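The values are calculated or read from the model by the stated rules, or taken from the named source; none is laboratory data. Computed from a prediction, not measured in an experiment: that's the story for all the values here. For neighbour counting, all protein chains shown are included, and Cβ atoms are generated from backbone atoms with ideal geometry for every residue, glycine included.
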Amino acid sequence: MKGIFTCKKYFFYCLCLFVSTVWATDGYALNGRDIALKVEQVDVSSTSSMTTIMLVTRGNQQLLRHMTIRKKKYPDGEKQLIRFLEPSDVRDTAYLTWTYKDIRKDDDMWIFMPAEAMVRRLSGGGKKGSFMRSDYANEDMSKREVDEDTYTYLGDEKLGGIDCHVIEAAPVLPDKTNYLKRRIWVRKDISLPAKIDYYDKSANQAKELVFGGYKEIQGIWTSTRQRMRTPASGSETLMEIREIDYNRELADDIFQQQDLKR
């Protein structure tokens, strides 16, 4: 009887050890959506204000843009204002975006072009267009809600020597986006993307976005550099944050269409 009891006790110990080991493994404990939520939760700020440069390289040609980006979170979504400062031919051009947590509700996007002296609303097709002649689409510049996609966990791999989770995101509403899917490498240490591959509706890789310049700013891990590359054309766009301030008070009225002309 003592031997049987000892065997049962040993079996129970091994079972507990096995279960705890399996659940400690990220690949089992996490699914794709869990990883996407961890990325979402890194930025705990209520607002952000940044000064950014954008350098577009296409063959021997380069376009340099200076802009400010202001964001503010609301209970039902997020509002973002992008305003260009330099060069003179794009100065005061502004993009205003309202994104909503309710994925059934279309996000709102407006653009102010000083030459036209009018505010224009961008429809679904306009959101898929190029952002200021860069490798980014207009839709790439606005926040994407976690629930706008379904996720598949593809496993773990190293990227540039950094341990990453790899997930695939497919849109719940395919007609609203340029992309069939996105493959995302998420750093395990700080839960920020390291790389995103974008696939077009023919399942070909359309673009590659690589992140860098990671810094902890005001307690929030931030990627201060991004490079979007379009393999088919060989063009690329570098986006670099020069200054950023989290949780600065931002007035609600700067995120209104009528403010774009100021």
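For segment 179-212, the set of residues classified as free of Cβ contacts under 8 Å to residues at least 40 places away in the same chain and part of a loop (DSSP other than H, G, I, E, B) consists of TYR179, LEU180, ASP189, ASP200, LYS201, SER202, ALA203, ASN204, listed by residue number. Take the conditions (1) closer than 22 Å to TYR153 by Cβ; (2) out of contact with any strand residue (DSSP E or B) (no Cβ under 8 Å at 6 or more places or on another chain); LYS176 misses just one of them, which is (1). The single residue among TYR74, TYR100 that is under 20 Å from the mean Cα position of the chain (by Cα), hydroxyl-bearing (Ser, Thr, Tyr) and over 18 Å from GLU139 (Cα atoms) turns out to be TYR74. Pairs are defined by a Cβ separation below 7 Å, a sequence spacing of at least 6 or placement on different chains, a first member in segment 213-234 that is of a type in the set (Ser, Thr, Tyr), and a second member that is not in a strand (DSSP E or B); the pairs so defined are TYR214/ILE190; TYR214/LEU192; SER223/LEU192; THR230/ASP135. Only strands (runs of 3 or more DSSP E) whose full extent lies in segment 79-166 are considered here, and the ones with at least 3 residues that are of a type in the set (A, V, I, L, M, F, W, C) are 94-100, 108-113.
Considering (1) touching a strand residue (DSSP E or B) at 6+ places or on another chain (Cβ under 8 Å); (2) surrounded by fewer than 18 Cβ atoms within 10 Å (Cβ to Cβ); (3) under 28 Å from SER233 (Cα atoms); (4) without any contact (Cβ under 8 Å) to a residue 60 or more places away in the chain, the lone condition that ASN60 does not fulfil carries the number (1). Any residue in segment 173-181 that is surrounded by 13 or more Cβ atoms within 10 Å (Cβ to Cβ), touching a Pro at 6+ places or on another chain (Cβ under 6 Å), in the same structural domain as LEU85 (by TED's automatic domain parsing) and closer than 24 Å to THR47 by Cα? Scanning segment 173-181 turns up no residue that is surrounded by 13 or more Cβ atoms within 10 Å (Cβ to Cβ), touching a Pro at 6+ places or on another chain (Cβ under 6 Å), in the same structural domain as LEU85 (by TED's automatic domain parsing) and closer than 24 Å to THR47 by Cα.
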